[in-house]
Amino acid sequence: MRLSDHLSGPELRCNPLWAGVFGPEGLRHLLSVGLPAQPGYTRRLLFWRRTALDFADRDKLVLQLLWPNLYEVYRDSRRRQQGIPRLTPREWQVLDLAAQGNSNSEIARTLFTSVGTVRKHMENIMERTGTHSRGAAAAQMMCWADANRGALGPYGQAGLPSGRVSVRGLG
């Protein structure tokens, strides 16, 4: 969306936001990329252009193609800020099987261990993640599984929110 599609040049220049912030800085065009945020908040990556040349459709398409990578960079930074609970390789295996919907007895049979051991692994996982159910633990940890459990398989692609890129002209 371009602001210039909704307002003429003189109308934009009369806008207090444009007159007070964007105009004096020489900013004329904006390209924004939405990133996930908490409810009630907005998080965007903004690209500004001071020249008279507006962002082209090609610029918008390039950012749409880059959006999944930008989202991964954002997720990595959030992981570093929040800290990922450390799980042992065996706990990752148990969590992986639990996320697939297996019961404790099915997990025990698959891993050649006792049901009590699987139960204890699940208790440790829930304690370290601060969750109260196996589903919540799996939902919280599976997005971080790639970096932590090595060759147990890829996660996170299906849960990627769709990125929205918008183009705005400021004058």
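Quick look at the values:
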read-out	value
Residue within segment 30-46 that is touching a His at 6+ places or on another chain (Cβ under 9 Å), under 25 Å from Pro10 (Cβ atoms) and not assigned by TED's automatic domain parsing to the domain that holds Arg128 present	no
Condition met for Arg78 (farther than 17 Å from Ala137 by Cβ and among the basic types (Lys, Arg))	yes
Flag for Phe47 being within 30 Å of Cys143 (Cβ to Cβ), over 13 Å from the mean Cα position of the chain (by Cα), at pLDDT 80 or above and not basic (Lys, Arg)	yes
So Leu95, is it farther than 23 Å from Ser8 by Cβ and in contact with a His (Cβ under 9 Å, 6 or more places away or on another chain)	yes
Residue count for segment 37-77, restricted to those that are surrounded by 14 or more Cβ atoms within 10 Å (Cβ to Cβ), among the charged types (D, E, K, R) and in a helix (DSSP H, G or I)	3
Failed condition for His29, given (1) crowded, with 16+ Cβ neighbours inside 10 Å; (2) at pLDDT 80 or above	(2)
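The values are calculated or read from the model by the stated rules, or taken from the named source; none is laboratory data. For clarity, every value in this text was computed on a predicted model and none was experimentally measured. In this analysis, Cβ positions are derived from the backbone assuming ideal geometry, glycine residues included, and neighbour counts consider all displayed protein chains.
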